[in-house]
Structure formats: structure tokens, C-alpha cells
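Comments concern the structure below.
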Amino acid sequence: MRSVLRVAAAVLAIATAFPASAMSRVDPGEMPKLEADEGLVLIAIDSSIPLEAVHVRKDGGSMFGGGVLSRLPKGRTLRLYVAPAGRYEWNRISTPFVDYRVGDDAEYDFEVKPGRISYAGDLVFRPSSWYRALIHVANRGLGAQDWLQKEHPALLAAHPLDYIGRYPDPFPAFYRERLAAPGAKQAPWPELAKPPEPKALALAPEDLWSAEHVALAELNPAGTLLAIQLREEGKDSWVVDVVDLASGESQRVARSDFEFGAVQWSGDGYLLVSLGSGTRQLVNVIAITAAADGRPRFERYELPVVGAVLDVIPDHPGHILLASHDSRGTFMVHRVDVSSAKAAKAFRAKTSERLNIGSKDDRWWYADGAGNLRIAFVVRDGKPMLVQGGPGGTVDILELRSEGGFAPDALSYDGRTLYGITDEGRSQRELVEFDIASKKVTRTLFGKDGVDVDSILYDQRRTPIGVRYYRDGRLVSDYFGQQDRKLGELLEKAFPGQSVAIVQRNREGNQLVLHVDAADAPGKLYHLDVGQRRASLLENLMPRLDGKRFAPTQIVRATSKDGLPIEAYLTLPPGTGKRPVIVYAHGGPIGVSDKLHFDARVQFMASLGFAVLRVNFRGSDGYGKAFREAGARAYGTAIEDDIDAALSRALVEHPLDAGRMCTVGSSYGGFSALVSAIRWPSRFRCAVSIAGLTDLPLFFTASDSARSAPVREKMERLIGDPRKDLEAMRQASPLYRYDALTVPIMFAHGDEDLRVDQEHMRRLVRMLDIAGRPPVGLVFEGEGHGFADEAHTHALWKGVAGFLQQHLDAPAAAAR
């Protein structure tokens, strides 16, 4: 997809009269007679702004045989046309400012079949600026069916609706069949009822889901000053404070209504505070010097161009590498002197003076400790590459893969070695060295059987000194040197049962900033003076939770039916007697895992008096490659067997009420919650699906994930190929087994979810309505796959609380 600036508004005035063989619009009530080589096509556009026109072209040729939809309003527009049978493409989207040409991308091709109503999905258009947009096609077949039933019922009765995308969709035929069954409920369909209001809540969602107070903390190399980005309490504004660690005094140096993009030190006395995103950031410099009385003095000035700090050049404090784009979109890197206001303000980002002259398709660079550009990240023919740059030209080093292979993390100080993580040819993710000269991995620095390295720890000279990984749910720092190892052991003793991460260290390694949290302890930042062996609290990340007590979490170990060992976490609220149980499956499902960090969702459900079980089933991250790959083709089957095994073990080992259990989950977890309620209907009283899948084949035709060929190949490998495995995928999908879904159901979904389209929820809600078992649910305007609006998050979990209380508060003897 490419965008083209409009030259003249007159280009938009395209005639809507077409030759006889062109697409011809059908008005409500019309019954056109189709020729043998004609069909009906339903065109659907979903745009968040008004559009001047959307152009459809036939057979990749001229507009002859195609059509133009003109002056489209904001929202969803559907129109029915008679059209010659054959291949078509979405060709161009016209806004008042830009034409977006999509016709050269096969993703936007479709077919009109003779004698039928063809539907290729909704063309979804979401601009992010006046010249950029997200465009994809989403199968919303139920909405198409409902519109046809309302506007063209006779035509729908005479000509079946076919989805004509890349993958088959069995739902239209399934829906027609079930709707025609004796006793099936018919339109009008009821409004989705809301869940009941919750009873008194021990923990308020407004407190649990308040934004973290601290966004980041950066220690200067000397370890004397700490810059902290804070969210002002009760306000949608951000500040940056500089704390003198010796005196404890703090100075506010920046404030904004938006979160700062980056806060970085260049040497000990220059703080760079950036506002914006990408290479369009305003970079402010705060120069810090000592006044006559020894107290720090702050001078603030701004770079005259927008850009992004690419590197702070450790060998040259007060100098940085700045990345930016010129007016023609050329990516540029310049060395900038920020040591004084005069020098900074004199900088001009001239294309002819950029450091990366001669490079092509570069998007970012790695620099060595002296600020020399060494390795470029480029995208060539859609493929991400690492390329070595230098006076003699460029040399390809490595093609990066979306999964597997070497994942670069940092360049060595001398610029000769890349450090990164790989599981290629290995049983788990390991820390390795990649030699640039030989273009290959030459040494393994750390590997541990059955453990995936999560991140790499470096000293001030960018040398790896250790790794982080998860063990028994806690984040562990494993150091290479004896002194650092002793420090790690000291920290574990100082904060028993908690995850401790050194997030900042000075060049001598004697001044540290620690992040500490646990499943029952919200995060805190500490300053540790290693020499004095003293830790001081810097900030409570969630101050509204001060003084509140939270439920502890225990590890449950189980063995699945095929012998695979499974680790799970049970959060058990205080009290006597057996507790009701929430089985809370994580999303993903592959490459994601539950961990023992503080989780507001878990603690909220525990505060209602419910035990919460989370299971790291097959496919979860952190346990090695074989465990991760075991999740492939296990959706709705072996994954749920793992959850069942962990639940069975927990029921034996802990005071849990087997007669009062519900399943809850988000994304894949919502799918899993529905599957478990179908597979074990006598075990669970209810199920909650938040942004959950209901129809595995639909995920291939109504998700932004399926826009690229490489991702589709991965989906086919992990989930199945609807063209070959359709029946198995149907059997694993809650939608096609709705008749077995007999427990009360709650749904929640954002109407802007591009990952798991709301069509998933709509379809299953409709089938349950047909069966006479209407669910309850909440739909949140403007929300995507994850909720951004705090008020929506609060409303969601209050709804979940009311629903769970309704179905779990009764004692086991009174269970349905």
C-alpha cells in the first residue's frame, strides 16, 4: 500500500455513470434479473472518517467493469451491486488529502461469482495521520447477512450469500441451516443485556487500575543523579524530576500533558528529555552544573529540529547521534553537540552532511562507543536485514526472521560483535555472540536446559554481565561474575519471595536502582548504595494501593494426560473453608506466559473471595523450545487438557470448592474459557470471554494478523489451515458447538478490535439467542484488543465482578 498526495481536488470528481457492463447498484426492493455471467456483490466500507471515494477495478485492468463508491460517510457503508462475474480488486481509497492505492497488493483482490451474492469482507480504513492509515479487510459476514435481510430480503432468499476471501468461511451456510431449524428463535434479536451490578467491593477498580506513578528512571553514569518520569497524581500530565541521591533533594525539570518518549543521559551532566514518537520528537537538553554553593544548577534548551536520540556516545559526553528525516523522507543520522545552548541551537540537519550517506533503505543504526555508525537495520523488498556500513560501502550481514533465528540486542563497545538471543539449533533461547566479520554466531555466553533467556544485563561498556529469566514464576538475575553473583544473592535475601531487577547501575556498579514486586506486592523502586549496603525507597509505583493487603500465590505442579509437566499459580484469598475458583487462562497462547508479578486482574478477583488459578499450559513462554512448540495445533484440545490437569491437582491439594467454579479469560484465554465450559459443562457454573475468539476459521479472515503472508503461514502451522483442516477447526471452535454451551456466558469486546474482530462475539451471541440462551455482555466504543481508557477498564471489571458474584456466591449445595 502506498499513499499519493492529491494534486487537485478535481481528481475526486469521478463520474458514477458506467458502461452497461459495469457494476450497477441495486436499490432496496429491486429484483434484478441476472444474466448467466453476472452475480451480485455486496461492497462494505468501514471508515473512521468521511471518504471522497473508494474505487473498485475489475480484472486488474481499467475501471471498465468496475465502479466507484462516492462521498461515503463516516462509519459502515454497505451497497449491493449487479456485476459481471470475475476477479476484482479494491483499487484506491480517496480522502480529501491523499489517495491510498492498494490495487497492487493481492491482499485486496476478490471474486464475484455468477448467480450468487459475493461478499469479500469489509474494507476497514483507519487513518493515523493525514497521510498514514491502517487498511485491512475484515470478514463481518453476520453483519452483511443482517443488512441484506433488512434491505434486500427477497434477493437474499433467492441467492445465497458467499464469503469469497482467501480462506473458507463455513458460517453463512451454518447460520442459514440453524436459523431454519424447527424451534429456532427468529428476529428481532434482543439487545445484549448488561451483567448485574456488583455487590460491595473490597478493592475498587479505580485504585487497582490507576496508572503506574512512575514511567521510567534513568541514573547518570556517575550514579549521583537520578531522572524519574512521573505521572502527576489525579492528572493526565507527566513530569520529569532529577533527584540528587546524596542529599535526597529533587528538582522538577520538565512537564507535559503527554508522556515523554525518552529520558536519557549524555555523560553525567546532560539530560535529554524527548517528547513525541518515532523520529518526530522534540528533544530538550537539561545541562546540569554545580553552582557556587555546590548545589546543582539547571539550564534548559531545545534542539532546533525534530528527531530521535539514536545514541548518547559514551566516549563523548555532551554529544549525541540524532536520527531524523528530511522533507523527502530520507533517513538521516547526524552528530550533534549538545554541550551548550549555543552549540545545540546552531545545529542544522542537512541531508548532505548526514553520517549515513551511501546507505539505502536504512531505518536505524547501531553505533559503537565512539559514536561511529557500524550496523544498519534496513528493510529491503519487505525483508528486515542487518547491513554493515563503512567507507567502503555496505555489506549484508544477516536477514532477520519474525520468529527463531538470531535476535540482535546490542552492539559491543568496539563495534565488532553483536549480542543477542537465539534458539536456532538449540533447545531453548540462549545468549550468544554474533561475530560481524564472519557473519555467524561464534560463542554461547549463557544457556540453561529448559529455560528461555528473557533479557540481557550489561555494564556501562555494553558488555554482558548476566541474563534474566523466569524460575518458578519469579524473575531471576543470573550473573557471570563472582562479585555480581554475590550481590544477586544478597538482593534475594533482602527481598525474599519477590522479583528483584537491577534496572539502572552506574559505571562503578556501586549505585543501583532496583525494581521490586511480587504477586501480592505492587512494584516499588529502590536506590541501593552497594558500599553502604543500604536500600532506600525512591517511589511506590502504585501509591493508591499503599497499606492494602493482597492474596498470596502458590505454585501448583501437575502432569498432563500425555505426561507433559505443567506449572500453574494459585492465588488463594484469606478465609476459612473452601473457596470458589476462577480458572483464568492467559492469552497468546504461544510465546506468552503467566508470571508472579503483581496482576491487578488476579488480585481483584481474589478480593471478591475467589481463588484464581493460572496455568502455563503447553505453548507458554519460558520453558524451552519443545514446550513452546507443543502448543501448535493444540487450540481447544491439548492446551485445555493441561488446564484441566492443573485444576484437578489444585482441587486435591488446596481448600477449593469444586462445586463453585467459573472460567475467565482474555483473547485466547476467552476462547479457552468457552472451550472449557463446553468440554466440562458440569464442572463450571459460568464463563467470561473478554475479546475472545469464538471461531478459529474466522480468525484467518477477520484479523489484522492475517494481512501478511509470513504471518498467515505461521498461523496455519500453529492453528491449522482452514483450506485443509476446516472440520477439525470447526470442532475446536465454540461457535460451532454452541448447543453444548449451556452455562451462563458473559462477553466483553471493544468495537475497534482489529486483532479479534467483534464479529467473533456477534456470531456466538446470535447463535445463543437462536438457542434461547441469551448471554450478557459489554461493548466498549473505541477500544481495541486491549483497553486504553481507564474508565472502560473499571466498567469491565465491575461487570465481571457482578456476573461472577451472581453465579458463584451461592453455596455448592445450591449449584444449578
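Taking segment 298-375 and the strands (runs of 3 or more DSSP E) fully enclosed by it, the elements with 1 or more residues that are closer than 18 Å to Thr279 by Cβ, in contact (Cβ under 8 Å) with a residue 40 or more places away in the chain and charged (D, E, K, R) are at 308-311. Annotation: of all residues in segment 391-420 being in a strand (DSSP E or B), among the aliphatic types (A, V, I, L, M) and out of contact with any Gly (no Cβ under 6 Å at 6 or more places or on another chain), the one that is surrounded by the fewest Cβ atoms within 10 Å (Cβ to Cβ) is Val395. If you go through segment 586-624, how many residues are under 18 Å from Leu693 (Cβ atoms) and under 17 Å from the mean Cα position of the chain (by Cα)? Count: 8.
Of the residues in segment 145-158, how many are surrounded by fewer than 21 Cβ atoms within 10 Å (Cβ to Cβ) and within 30 Å of Asp105 (Cα to Cα)? Of the residues in segment 145-158, 2 are surrounded by fewer than 21 Cβ atoms within 10 Å (Cβ to Cβ) and within 30 Å of Asp105 (Cα to Cα). The residue list Ser648, Ser672 contains one member that is buried (at least 21 other Cβ atoms within 10 Å of the Cβ) and not in a loop (DSSP other than H, G, I, E, B), which is Ser672. Determine which member of the set Leu656, Leu696, Leu651 is aliphatic (A, V, I, L, M) and within 25 Å of Trp797 (Cα to Cα). Selected residue: Leu656, the only one of Leu656, Leu696, Leu651 that is aliphatic (A, V, I, L, M) and within 25 Å of Trp797 (Cα to Cα).
Considered as a group, the residues in segment 421-437 that are free of Cβ contacts under 8 Å to residues at least 24 places away in the same chain and open to solvent by 50 Å² or more (accessible area, probe 1.4 Å) include one that is nearest to Leu310 (Cα to Cα), and that residue is Ala437. Looking only at residues of segment 722-733 that are under 18 Å from Tyr163 (Cβ atoms) and touching a residue at least 12 places away in the same chain (Cβ under 8 Å), we find that the one that is surrounded by the fewest Cβ atoms within 10 Å (Cβ to Cβ) is Arg723.
Condition check: at pLDDT 95 or above and surrounded by fewer than 24 Cβ atoms within 10 Å (Cβ to Cβ). Does Ile690 satisfy that? Answer is no for this residue. From the residues in segment 277-297 that are of a type in the set (Gly, Ala, Ser) and outside any strand (DSSP E or B), which one is least open to solvent (accessible area, probe 1.4 Å)? Of everything passing the filter in segment 277-297, Ala291 is least open to solvent (accessible area, probe 1.4 Å). For the criterion of being in contact with an Asp or Glu (Cβ under 6 Å, 6 or more places away or on another chain), modelled with pLDDT under 95 and either small (Gly, Ala, Ser) or crowded, with 17+ Cβ neighbours inside 10 Å (or both), Ser256 fails. Selection of segment 450-470 for residues being among the charged types (D, E, K, R) and at pLDDT 95 or above yields Asp452, Asp454, Arg468. Screening segment 184-276 for strands (runs of 3 or more DSSP E) wholly inside it with 3 or more residues that are closer than 19 Å to Arg505 by Cβ returns the ranges 214-219, 225-231, 238-244, 262-266. Residues in segment 687-711 that are touching a strand residue (DSSP E or B) at 6+ places or on another chain (Cβ under 7 Å) and in a loop (DSSP other than H, G, I, E, B): Ala691, Gly692, Thr701, Ala702. Checked against (1) in a strand (DSSP E or B); (2) crowded, with 20+ Cβ neighbours inside 10 Å, Tyr736 passes all but condition (1).
Of Leu525, Leu514, all but one fail to be open to solvent by less than 20 Å² (accessible area, probe 1.4 Å), in a strand (DSSP E or B), farther than 20 Å from Trp797 by Cβ and in contact with a helix residue (DSSP H, G or I) (Cβ under 9 Å, 6 or more places away or on another chain); the exception is Leu514.
Here is the figure for segment 208-251: residues that are closer than 30 Å to His794 by Cβ, free of Cβ contacts under 8 Å to residues at least 40 places away in the same chain and open to solvent by 10 Å² or more (accessible area, probe 1.4 Å) total 7. When Glu713 is tested against the conditions (1) farther than 20 Å from Gly665 by Cβ; (2) open to solvent by 40 Å² or more (accessible area, probe 1.4 Å); (3) at pLDDT 95 or above; (4) not polar (S, T, N, Q), the lone failure is (3). Name the single residue that is surrounded by the most Cβ atoms within 10 Å (Cβ to Cβ) among those in segment 82-134 being modelled with pLDDT under 95 and of a type in the set (Ser, Thr, Tyr). Per the criteria, the residue is Tyr88. If you check Val756, Val765 for being closer than 30 Å to Lys625 by Cα and among the aliphatic types (A, V, I, L, M), only one passes: Val756. Taking segment 531-596 as the region of interest, the strands (runs of 3 or more DSSP E) fully inside it that hold 3 or more residues being more than 29 Å from Val513 (Cβ to Cβ) and not charged (D, E, K, R) are 553-559, 565-571, 579-585.
Note on segment 463-492: residues that are on the phi > 0 side of the Ramachandran plot and surrounded by fewer than 18 Cβ atoms within 10 Å (Cβ to Cβ) amount to 1.
If only one of Pro172, Pro190, Pro168, Pro182 is open to solvent by less than 30 Å² (accessible area, probe 1.4 Å) and of a type outside the set (Asp, Glu), which one is it? The unique qualifying residue is Pro172.
Restricting to segment 759-783, and then to whatever is open to solvent by less than 20 Å² (accessible area, probe 1.4 Å) and part of a loop (DSSP other than H, G, I, E, B), can you tell me which residue is nearest to Ser672 (Cα to Cα)? Taking the candidates together, the pick is Pro775. Cβ separations smaller than 8 Å between residues 6+ apart or across chains give no pair from segment 664-678 residues that are more than 18 Å from Ala646 (Cα to Cα) and among the acidic types (Asp, Glu) to residues that are open to solvent by 10 Å² or more (accessible area, probe 1.4 Å) and at pLDDT below 95. For segment 135-143, the criterion of being assigned to a helix (DSSP H, G or I), crowded, with 21+ Cβ neighbours inside 10 Å, over 31 Å from the mean Cα position of the chain (by Cα) and modelled with pLDDT of 90 or more is met by none of the residues.
The set of residues from segment 596-620 being open to solvent by 10 Å² or more (accessible area, probe 1.4 Å) and out of contact with any Ser or Thr (no Cβ under 8 Å at 6 or more places or on another chain) comprises Phe598, Asp599, Ala600, Arg601, Ser607, Leu608, Gly609.
The values are calculated or read from the model by the stated rules, or taken from the named source; none is laboratory data. Just so you know, these numbers come straight off a predicted model, no measurement behind them. Counting neighbours? That spans all protein chains shown, and the Cβs are built from the backbone with ideal geometry, glycine included. Side chains included, ligands, DNA and RNA excluded: accessible areas come from the protein's heavy atoms. Shrake-Rupley method; radii C 1.70, N 1.55, O 1.52, S 1.80 Å.
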